[in-house]
Each structure stands twice: as C-alpha cells, then as structure tokens.
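S.K.: Below are the structure tokens for one structure; questions will follow.
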C-alpha cells in the first residue's frame, strides 16, 4: 500500500496532450527522493577510463545542449491486471508519459574521459539508496558501451523547459530513448565504465521476464508496442465504466514502441473480434508516441468493449491476452474499455445532466 501511494500513473485523459504536463507524467521512485544542493553537486565519471572526471552542475550545463521529446514507460505497466498479481507497484496501464527532456549528450563525456581498451559497459549509479531483495544498494543500471554511445543518450537537467523537479531526478538523470523506465536512472551520483558485465541487483536480478522461480529469465530492455485510448464519454465514479450517448464518436489516443516506429494502430468496438485501421499522425520526434484516431458510429444502446492495439515496423504486435510472469513486466496486452451506450441514468436525458448546463462556471 505504501509503495502504491508514493507513485502515480498518468490519467488516461492526459493522452490528449502531445507533451505530458510534468504533474501528470507517470512517476516511479524505488527508494527515497534524495535532497541535492546543485551548488555542491559533482558527477564522477571513472572506472575503465584514462582520465577520470569530476563534473559540477555548472560544467554540465555549459556543454552543448539537446532537447528531445521522449516517451517513457514503466516496465511493469499493466501488472495490476495479471492474476495472480505480482507483488510490486500495481500499475493498471497508464504508467507512461512523454516529455521534452533537455541535457547534454553522454558520448562526448565518455570520449573526454578516454575509454580504455576492453571497455564493455557503462554503469549509472543514483543517489537513491535502499533495500531490495535483501540487498542494501544504491539504485544502479548499466548499458552496453555501444548503447551508451548513441547520440540520443542524454544526461538531462530539465523537463518541459523547466529544471528537473526533485521527484524526476534533480539535478541530473539519464534519458535513454526507447528503453523502459528502469534504465532512466535518476539523481545521478556517478558513471562508471567497466570491462565486464555489471552484476548489480537491478541489472542481474530485477527486471527479468521469468515465469518460474529459479529461472534466470530474460532481461527487460526496450519498450514493446502499446496503444492507449482516451476512454470516451463520462465515467462512473467507482467502477470507471464509461457512459456514451448514441452518436458519432471520435476515439483517440497515443501509441509507441521502443523497438521500431509504430506503423499501425487498430481499433475494435466488439472486444477484439473485428478491427479497423485508425488514422495515424506523425510523432513529434522519433522517440515520442504517435497520436491515432478512429471514428466510432454508435447508434444502438447497449454495452460495448473497446480495444486498441499497436504494431511496429519490426513486426511486433500487441497481444490480446495478458502475459503472466513473476515480476509482471512487459505485459503489453491490448487495452479494454467497457462502455455503456445510452444515458447514465434512466431518470434524466442528456440535456438534463448538470454538467451540460451552460450556467455552470
């Protein structure tokens, strides 16, 4: 319960924003939010390098800056819909957001430090510390050297044109486009080049797809394709069932993949028995989600199950069914939204609904 209330997902209606407002962007914090004084901050760059570096916050901000629109998604998105549910943050499907991240490229910093022969991985260590799996640890993840040297991998100090807030990693965090959120280490303490695979807990034990205890599993890496819709109509407070008047509805949402560009989104109003192609718009950047829309002409009252699925250029398609695993990761089953067509109450028509009255402020 305490883990769940510390973190938050993005309300589905926020899919209407091409760039997610900071307060609506999903947030997952493993341990505590460290308090950092930017004036005293230093980033250490060392390990298997010729010239270790100590970089102040001012040093980092003085370097050439890049701003990228990047979609981030938690690897455990959709976990709460699994049965039995794995014991971890109970995401329903909205653990996602797209922001404009500003920072400086990592590759020139590693080049300045001078990579020694045999350099293999780059380990990113955060200032956040805690216990997980019985291990006292700073949060750490690594990238292979070729992945870390990509031009789009950034050390970021701003989001949506503003300094990073504490919960998003102030003063400095990693952004590696296309990778699930566990890779995007916040509150960077140090960057260490190694000549062997990193075996820290978050890399070697956590974030693995496995269905049987004791199986080492397969490491989670880049985001699988997913599409989400803005649920049409108005919600019931407790059940979140949607109520829609008989009408022509424009259903819309966003789709993304970290494996390859999204090339198709399909919409279904009958629980996935039949599909029609949605209209796709161009993304703001190669690393950002794409808006899609579909017209739903619904005149007959009744109950419907709306679904949406995405496919990317590498041939990855969202499955209809959930993919159960011990950690509840990489579960990108299609979204399903229950909709009742007709008035929400038999005692009043749409024109009588209080939220329709023009006299309301």
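The values are calculated or read from the model by the stated rules, or taken from the named source; none is laboratory data. It should be emphasised that the depicted structure is a prediction, and the values quoted were computed from it without experimental measurement. When we count neighbours, we look across all protein chains shown, and the Cβ atoms used for this are built from the backbone with ideal geometry, even at glycine.
Listed here are the residues, each with its yes/no results for (1) in contact with a helix residue (DSSP H, G or I) (Cβ under 9 Å, 6 or more places away or on another chain); (2) touching a residue at least 12 places away in the same chain (Cβ under 8 Å); (3) farther than 21 Å from residue 10 by Cα.
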{"site": "56", "(1), (2), (3)": "yes, yes, yes"}
{"site": "85", "(1), (2), (3)": "yes, yes, no"}
{"site": "106", "(1), (2), (3)": "yes, yes, yes"}
{"site": "119", "(1), (2), (3)": "yes, yes, yes"}
{"site": "130", "(1), (2), (3)": "no, yes, yes"}
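S.K.: Which ones in segment 181-204 are closer than 15 Å to residue 127 by Cβ and under 17 Å from the mean Cα position of the chain (by Cα)?
M.R.: Correct list: 184, 185, 186.
S.K.: Additional query: When you scan segment 145-214 for strands (runs of 3 or more DSSP E) that lie fully inside it, which ones turn up with 3 or more residues that are out of contact with any helix residue (DSSP H, G or I) (no Cβ under 8 Å at 6 or more places or on another chain), crowded, with 17+ Cβ neighbours inside 10 Å and modelled with pLDDT of 95 or more? Step through it out loud before you land on a result.
M.R.: Values: elements: 154-159, 173-175, 188-194.
Output list reads 188-194.
S.K.: For segment 1-10, give me each residue that is more than 30 Å from residue 292 (Cα to Cα) and in a loop (DSSP other than H, G, I, E, B).
M.R.: The answer is 1, and nothing else.
S.K.: Out of everything in segment 120-144 that is within 14 Å of residue 192 (Cα to Cα) and surrounded by fewer than 20 Cβ atoms within 10 Å (Cβ to Cβ), what residue ends up being farthest from the chain's Cα centre (by Cα)?
M.R.: Among those residues, the one meeting the criterion is 120.
S.K.: While we're on this one: Just checking, does segment 11-20 include any residue being farther than 22 Å from residue 285 by Cβ and outside any helix (DSSP H, G or I)?
M.R.: The answer is yes; a qualifying residue exists.
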